[in-house]
Structure formats: C-alpha cells, structure tokens
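Everything below concerns the one structure shown next.
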Amino acid sequence: MARTTRRRKPAGMSPGVPVLTGEALAPRMHAILYTAETIEEADPASAGECRELAARPGVLWIDVQGLGDLELLHGLGEIFSLHPLALEDVVSLSQRPKMEDYDSHLYLIARMPELSGGLTDQTSLFVGPRFALTFQERYGDCLGPVRDRLRRGKGQIRRSGPDYLAYAILDAIVDGYFPVLESLGETLEDLEDEVSERPSRSSLARIHGVRRDLLALRRAVWPMRDALASLMREENELVTPATRLYLRDCQDHAVQILDMVETYRELASGLMEIYLSSLSQRMNEVMKVLTIIATIFIPLTFIAGVYGMNFDWMPELRWRWGYPVAMGGMALLALSMLLAFARRGWIGAQDLAPPRRRRTRRPPAGPAARGPS
C-alpha cells in the first residue's frame, strides 16, 4: 500500500498551535492596497512589510500562496490580531468549508476546485474592518478576475469595503466549479456512447474515476453552501446589508452546483447499470451464436453418426452417389435451418444504436460574465 501524506496534526497537542501537515510549499505573497481612487500592488517578502501596508489608509488584500512558513503565519496573525484557533485551521488542510465569527474578524474556509482530476485545495479567508487575507494551499488560483476588476477600478468593488471583496473572492471560487462540472459532463456523454456501443474495462475505470471526482466535489460544495448561508443570515458589523444580497446570489450558485453534482452522480450510476447490461447483452449474443451453431451441427452429427456405424449391410455405402447425396443433404439441412433462424429473427438482426445527443456548451459563468463588478 502506498504511503499517504499526513494532513492532520498529531493527536493530543494544545489547541491553537499551528502544525504543518503534508507537503507545505514556500509562501508567495501578493498585496493589493486600494481605495476608490487609487490602487497599489506589492510583493511583500516579510510580515514587517505587511505591517507597513496595513498602517496606510485603504482596504488591504494580502494573498499568501504556500503554507510552508509558520513564522510568517504568526507574524500576520500578530499584525491583524487573528485568533490562534483560526491560524491552526489555516495549516490543517483537512478542514471542511465553514464560517466562524471571532468578533474582530470573520474566518471562512472554502475549497478551490482544480480542472485536473476534480481535486480541491483548501483556501482560508480572513475578513476584518480594513483587510482581507487569503491563504492558499498551492500556487495558482481562479481569483484572476477579481484582481483584474480591482485594477480596472470599474463597478463598486473599489468603492466597497473588505466584505464586498470577500464576496467577490467567494463568488469566484464558487463559479470555478462550473468549468469542472462542464468537463465532467462532457466526459459522461462520451462514456454514455462508449458504454452503449463498445464497453470495456477502461470504460469501467473511467466511470469509477468520474464518480470519485463527483463525490469529492459534493463534499466540498455541500458545507460551503451552509457556510455561505450562515454568512448571509447572521448579523455582523463586518458584513453590510448590501453585501448580504450578493452573498445570497453566491449561495444560490452553490445550490445550483449541488444540483448539477447530484444529477451527474445519478448519470454515473446509470452508466454503471448500462455497462453491466451491455456486458450481459454481449454475453447473450455470444451464447446465442454458440447455441445456433450447436443446433445446426446436432442433426449433422446424427447423420454422420448413423453412417459411421459398423454394420455389414448398409446399401448406401456401396452406392456410387451415396457420398455426394449425404453431403448435399447435410448442406441442404444446415442451409434450411439457417434460413428458418433468420426468418424468426434469431440471427442477422442488428439493434439500432442510440442516437447521439447534440451537445450544447454552457456559457462561461463568473462575476465578469453575469454579475455586478
């Protein structure tokens, strides 16, 4: 059995003590400090540089990709007064999506999807009066549209507070599931045609892979929907009533994703049944062919057995045309049986292949495509 990467801290340790689990990458930081009129970007190398940015007016967004530096984590926690239990959850990569209120700041955990393999990475989000912090497990994310909206300065994202920025980040994460589900949907369509026409062991392996990916997505989106509902409904000074309206739209997208996941899971289960039915049908076809061959050769074997008996007096054995007549009669008997089987539809009947469905590509979803900026 292959060794698995440890993703939980050892049991019995004191609460609020961050412990690196798994393969932690070296951190990369990117900071965006903005107001309604100005925006400034930087790549801080230490927590001290982040402290200088936090002292300046405006809303500060610090994005940390890679969790391999506990000293940096403690430094940011000291600057922004982050709760130790929340810092512990940042590096504990087995957390389920949730929302927690620590009075001075909000802490949210979301699962960011990856296009390859249906995997999800843990993303931690802190929201305070003048800041938003994101901690990501790996490099690369789906938050590029949010950064572009901040740089363009159009819409209300620059005129709003960190709660609206948090909404934009969560909305981008939720909308990141749509391309993943679209890819899985196309895979299911290909598998449906493949399983109906030429089922194989590779088809079975691909079906199991899709079901595994759908289960991982369901585990990520289901609690995220509940976390968004809590953030939307609970009264908190850090989230304005105007932002709660947008959070409701974000939660509606999470519900839509869950519906798609459940639909695709049912399709995948149906493909398993189709696969088993196709194998059973192929086995029946093979058995039918073998039965027809055996049925044809039974009377021919009988005739050959009769003339193979060792009796002295068999007139046909000394008849000049006995052999051609026997072979012709056997051939005529086999041909007549084949014609009778074909007339009854036992051989020669071909099942019509199911019509291929016309695929429609879903329009891209995302804040830039359908929502306010």
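Observations on the model:
- Mean Cα-pair separation over length for segment 119-265, i.e. relative contact order, pairs under 8 Å, 6 or more apart, %: 27 percent
- Cβ-derived FRET efficiency at R0 45 Å, Glu189 paired with Arg233, nearest 0.05: 0.75
- Residue-count net charge about Ile62 - beta-carbon cut-off 15 Å; Lys, Arg +1, Asp, Glu -1: -4
- Summary of packing: across the peptides 199-205, 273-279, the per-residue average of other C-beta atoms within 10 Å ranks them, highest first, as 273-279, 199-205.
- Derived scalar couplings ³J(HN,Hα) [segment 94-104; Karplus, 6.51 cos²θ - 1.76 cosθ + 1.60; whole Hz; x for Gly, Pro]: 9, 6, 8, x, 7, 9, 10, 9, 10, 6, 7
- Site pair Glu262 and Asn284 shows an inter-label distance of 3.3 nm when each label is modelled 7 Å from Cα along Cα→Cβ.
- Solvent-accessible surface of protein heavy atoms, probed at 1.4 angstrom with all chains present, puts Trp313, Trp346, Trp321, Trp61 in the order Trp313, Trp321, Trp346, Trp61, largest first.
- If R0 is 30 Å, the Cβ-Cβ spacing of Tyr139 and Arg198 corresponds to a FRET efficiency of close to 0.15.
- For Arg211, the accessible surface of its heavy atoms amounts to roughly 100 Å² (probe 1.4 Å, protein chains only, rounded to the nearest 10).
- With the whole protein complex present, Ile39 retains an accessible surface near 60 Å², based on a 1.4 Å probe.
- Where segment 258-340 is the region considered: accessible area per residue in Å², 1.4 Å probe: 74 Å²
- Placing a pseudo-label 7 Å from each Cα along the Cα-to-Cβ vector at Ala24 and Arg344 gives an inter-label distance of 7.5 nm.
- Each label was represented as a point 7 Å from its Cα along the Cα-to-Cβ direction; for Thr240 and Ile298 these points are 8.7 nm apart.
The values are calculated or read from the model by the stated rules, or taken from the named source; none is laboratory data. Since the structure is predicted, the reported quantities are computational estimates derived from the model, not experimental observations. Please note: Cβ atoms are built from the backbone with ideal geometry, for glycine as well, and neighbour counts cover all protein chains shown. Protein only, heavy atoms only, side chains kept; ligands, DNA and RNA dropped before computing areas. Shrake-Rupley method; radii C 1.70, N 1.55, O 1.52, S 1.80 Å.
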